[in-house]
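The values are calculated or read from the model by the stated rules, or taken from the named source; none is laboratory data. Small disclaimer: the values here were computed from a predicted structure and weren't measured. So basically every Cβ, Gly included, is an ideal-geometry build from the backbone, and we count neighbours across all protein chains shown.
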Amino acid sequence: MNRETPWHAIQVDEVFKALRTTPQGLDEEEAERRLRTYGPNRIEEEKKTSPLKLFLGQFLNPLTGLLLFATFLSLAIGEALDAIVIIILVLAGAVIGFYQEYRAERALEALKKMTSPQATVIRSGKVKTIRSEEVVPGDVLVLNAGDRVAADARIFEAVNLKVDESMLTGESVPVEKTVGALSEDTPLVDRTNMVFSGTVVVYGKGKAIVVATGRNTELGRIAESIQEVKAEKTPLERQLSALGRMLLILMVVIASIVSVVGMSVWGYKPLQILLWALSLAVAAVPEALPVVVTSSLAIGVYRMAKRNAIVKRLPAVETLGSTTYICSDKTGTMTKGEMTAVKVWVYDVTFEVTGAGYEPTGEITLGGRPVNVAQVKPLELLLLNAYNNNDSEVINEGGRWIIKGDTTEGALKVLALKAGVSSSLGRLGEIPFSSERKRMSTLHLLGGRAVMFVKGAPEVLVPLSSRILTLDGETREITEEVRRRILEVNDALAREGLRNIAFAARFFDDGKKDISEEDEKDLVFLGIVALIDPPRPEVKNALEVCKRAGIKVSMITGDHKLTAVSIARQLGMLGEGDLVVTGSELEKMSEKELEDSVERIRVYARVSPEHKLRIVQALKKRGHVVAMTGDGVNDAPALKAADVGVAMGITGTEVAKEASSMVLADDNFATIVEAIKLGREIFENIRKYLAYLLSANIVELVTPLFSTLLGLPIPFTATQILWVNLVTDGAPAIALSLEPGEPDLLERKPRKPNSPLFSKAEVVAFFVVFPLLFALSLVLLFKSLLKSGLPVIEARTTLFTAMILGELVLAYLFRSLRSPAYKLPPLRNKALLLTLILSFVLQVLVLLIPPIQSALDISQISLEDFERAIAIVLVAAVSLEVSKFIVSKREQQKRLGD
């Protein structure tokens, strides 16, 4: 569509005509045609990196460039064989790097699809949720509080609709929206009959016709790149960069020493030494580690998404493993979120309700006998309230009853349907529910009179009510005694773990056509509906896991204190000394008081979203790494302030999802715990991967240094060290990153976010003691072989074989940085086992095929020399297992000390 069309100045019916649509929306066929015509609703097409570009990118790092330069020099001076071998090895390394990055790209691409923003539209008269990218001009948007507007649209229905347009106009106050046409010269900031892409609905609801998508939106005018995801350098990447720099310095020092000795003592040509030094640099300095680790994180995140935990930002994976405190919503997260009305109280009788779930099958009974609702005036009026003061839909899809909209409202509509109450009264006006007001009101015509139906928290509605409707249909003044009785009933039901919704009404005789908050007074109290939302069965076990993992959990709910306590007791959350705090009590606490007691508070009841921010801040001041759940617009500040903001994927608003770093696709608390476990597993595998890679690289660096210091020739050639790098650093290291989590992973204390990758004990054991012992044993083997009169080429071949076999065994042993190898199931990581076997077979073939021997400057070795190589491997294995044992003991002592 023409982006210059003044849609705000055109009457609604003319907009419908111009866009060839209706309030019933487009049909699917037309929507698909327009999607092909106008393209996806995004500001800029995602630039996918082509496989060829990814592959060529493997040759762009400086060390590989230098190596290729040296290879061309070798060709120039006639060393063609060495040059060809190096080119083959560099190509093989590039293929491995390409595979890993390509896999990560596909994982991230799938993840972006999972986290794509959504929009609610009307298609062929039916409300449905689609990806924002699929919205097209002519679509009818359904707007509710908390939604992020998917495209520029002209409003044709608005009920108390207010939109935050600050990101577009800079105005901090939400704009109240209207329907009528405006003058053509109305500036953007005053176009109250329009909503714009990227803005946020903060109040009320409405409908609008999409007039512009993608680049044609007002947001597209400002910045076509606004939806691009910006890469973020994680703490882990920064630590890896520092490690790479340290290894580079070590390599330069060692290469310089070996080069000087090699040229002056052994007579190597400068070009040979240069080629050797560059090969050593490529093999020993993992300069691409940040990319490799980011790829591992991306693949790990994809695995998490498959388990319903959609991590939006890679740094959150690191933080997840460090989480010490989870602040979780109750409804739908710790409980099933499938509300069912089980009791109805009207003055002064309690009715029972049969049937469970969302299927409208059951009845209202008293003393086990069905009740004729029409004969009980307050009950009939309450059910009319429940059915009409309600924005949900009860739908049968494929034989299964589901709720479209709020589940509590759905349960109330199901209750009315069970009693045969389904009269739809025209809605004249409404005041939407909000967590601050804790009530919702709608205006209808009933029997020729205007009636306002109100529903909300009992403690909110009781003070607003002056009378109560009795069983015989008479109204009675609410005295202090009656008020006390209502609240006693409310408390008694709450102690049973029930959630209570109160209902009231007010009749008007003056032909009222709209309502405001000023009308919510002098109400006639109708009664209370008690609903149950049972705990999810898996949550209790998840809480036990948290306890063992050193993670504390608090429940946060807007429900009644007694309801929250009942659910908390069922889940085993409350122990001796634990506190339960209400929102009003929280407001009276100073920052210092909250900080002093926050670690002992297990349940927050009757709190508003704004309270969550205070809770997060208090916990962070106590040094905790906090995961906070949320689903509403007002949860956004707390989600942003938390170390890990967790939004609900089903019930969460787009604002909450955008503010969070993780989205729960199933809204389940147990998924948070599973995500923390996976976060720890991913991070621990990165540590294993790094420990193996770095210790092996240090061995490759130190071995020629020791050899030089003992007056021996360089122990391996440039092509040999590149072959070692290819066989041991590639596939085995990647397979090691797929190691399943260790059984005790969640028994360990959370890792501090800014702590080093490795403890001091691990640094000494894995990067000093073990590599030095392994390198020294290799050099001593080399010396003994030369001393026995063995030719240099054969001695090098034996050392070359010992190094490769040793590093393959190390990959197997580094499956745990603590547990001995015999305690780990041998077939747990089949990918690693298969990789090691293939690498071993490849190395044996290399030793047996003459053309490859010639290319790598190696020879066949005797069985005795092969046995010597195996002996060195055993020495390396034993020294690593001893190192792991010492590390494990040191960490046990540290835990006991803590």
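Summary of computed values
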{"quantity": "Selection from the stretch 380-400 of residues that are surrounded by fewer than 16 Cβ atoms within 10 Å (Cβ to Cβ) and of a type outside the set (S, T, N, Q)", "calculated": "393, 395, 397, 398, 399, 400"}
{"quantity": "Flag if residue 615 is closer than 30 Å to residue 816 by Cβ, crowded, with 21+ Cβ neighbours inside 10 Å, touching a Leu at 6+ places or on another chain (Cβ under 8 Å) and of a type in the set (A, V, I, L, M, F, W, C)", "calculated": "no"}
{"quantity": "Residue that is in a loop (DSSP other than H, G, I, E, B) and not β-branched (Val, Ile, Thr), where the choices are 652, 645", "calculated": "652"}
{"quantity": "Residue that is farthest from residue 685 (Cα to Cα), among those in the stretch 716-750 that are of a type in the set (D, E, K, R), part of a loop (DSSP other than H, G, I, E, B) and in contact (Cβ under 8 Å) with a residue 40 or more places away in the chain", "calculated": "749"}
{"quantity": "Subset of the stretch 589-609 [surrounded by 15 or more Cβ atoms within 10 Å (Cβ to Cβ), of a type outside the set (Val, Ile, Thr) and either free of Cβ contacts under 8 Å to residues at least 24 places away in the same chain or part of a loop (DSSP other than H, G, I, E, B) (or both)]", "calculated": "589, 606, 608"}
{"quantity": "Residue tally, condition buried (at least 24 other Cβ atoms within 10 Å of the Cβ) and at pLDDT below 80, over the stretch 301-315", "calculated": "1"}
{"quantity": "Residue match in the stretch 704-715 (condition: under 25 Å from residue 846 (Cα atoms), part of a helix (DSSP H, G or I) and under 35 Å from the mean Cα position of the chain (by Cα))", "calculated": "no"}
{"quantity": "Those residues of the stretch 772-791 which are among the charged types (D, E, K, R) and not in a helix (DSSP H, G or I), in sequence order", "calculated": "none"}
{"quantity": "The stretch 136-165, residues that are of a type in the set (A, V, I, L, M, F, W, C) and either part of a loop (DSSP other than H, G, I, E, B) or within 14 Å of residue 7 (Cβ to Cβ) (or both)", "calculated": "136, 141, 145, 149, 150, 151, 153, 155, 156"}
{"quantity": "One residue from 675, 696, 627, 642 being farther than 21 Å from residue 328 by Cβ, touching a residue at least 60 places away in the same chain (Cβ under 8 Å) and crowded, with 24+ Cβ neighbours inside 10 Å", "calculated": "696"}
{"quantity": "Residue 742, sole failed condition from (1) of a type outside the set (A, V, I, L, M); (2) surrounded by fewer than 13 Cβ atoms within 10 Å (Cβ to Cβ); (3) within 30 Å of residue 303 (Cα to Cα)", "calculated": "(2)"}
{"quantity": "Single condition residue 413 does not satisfy, out of (1) basic (Lys, Arg); (2) out of contact with any helix residue (DSSP H, G or I) (no Cβ under 8 Å at 6 or more places or on another chain); (3) crowded, with 22+ Cβ neighbours inside 10 Å", "calculated": "(2)"}
{"quantity": "Residues being assigned to a helix (DSSP H, G or I), at pLDDT below 95 and of a type in the set (Gly, Ala, Ser) - total across the stretch 356-396", "calculated": "1"}
{"quantity": "Out of 509, 578, sole residue that is surrounded by fewer than 17 Cβ atoms within 10 Å (Cβ to Cβ) and within 30 Å of the chain's Cα centre (by Cα)", "calculated": "578"}
{"quantity": "Test for residue 403: is it closer than 16 Å to residue 651 by Cβ and among the aliphatic types (A, V, I, L, M)", "calculated": "yes"}
{"quantity": "Residue among 418, 404 that alone is among the charged types (D, E, K, R) and modelled with pLDDT of 90 or more", "calculated": "418"}
{"quantity": "Given (1) at pLDDT 85 or above; (2) surrounded by fewer than 24 Cβ atoms within 10 Å (Cβ to Cβ), index of the condition residue 651 fails", "calculated": "(1)"}
{"quantity": "Filter pass, residue 851 being surrounded by fewer than 17 Cβ atoms within 10 Å (Cβ to Cβ) and outside any helix (DSSP H, G or I)", "calculated": "no"}
{"quantity": "So residue 794, is it in a helix (DSSP H, G or I), assigned by TED's automatic domain parsing to the domain that holds residue 744 and surrounded by fewer than 24 Cβ atoms within 10 Å (Cβ to Cβ)", "calculated": "yes"}
{"quantity": "Sole exception among (1) more than 27 Å from residue 491 (Cα to Cα); (2) at pLDDT below 90 for residue 562, by number", "calculated": "(1)"}
{"quantity": "Extreme residue, nearest to residue 687 (Cα to Cα), among residues of the stretch 803-848 that are assigned to a helix (DSSP H, G or I) and of a type in the set (Ser, Thr, Tyr)", "calculated": "812"}
{"quantity": "Every residue from the stretch 302-342 that is of a type in the set (D, E, K, R), over 9 Å from the mean Cα position of the chain (by Cα) and assigned to a loop (DSSP other than H, G, I, E, B)", "calculated": "307, 330, 336, 338"}
{"quantity": "Filter result (at pLDDT 80 or above, surrounded by fewer than 24 Cβ atoms within 10 Å (Cβ to Cβ) and assigned to a helix (DSSP H, G or I)) within the stretch 655-670", "calculated": "670"}
{"quantity": "Test: residue in the stretch 752-760 that is surrounded by fewer than 21 Cβ atoms within 10 Å (Cβ to Cβ), of a type in the set (D, E, K, R) and outside any loop (DSSP other than H, G, I, E, B)", "calculated": "yes"}
{"quantity": "Test: residue in the stretch 472-481 that is at pLDDT below 95, in the same structural domain as residue 428 (by TED's automatic domain parsing), under 23 Å from residue 390 (Cα atoms) and among the charged types (D, E, K, R)", "calculated": "no"}
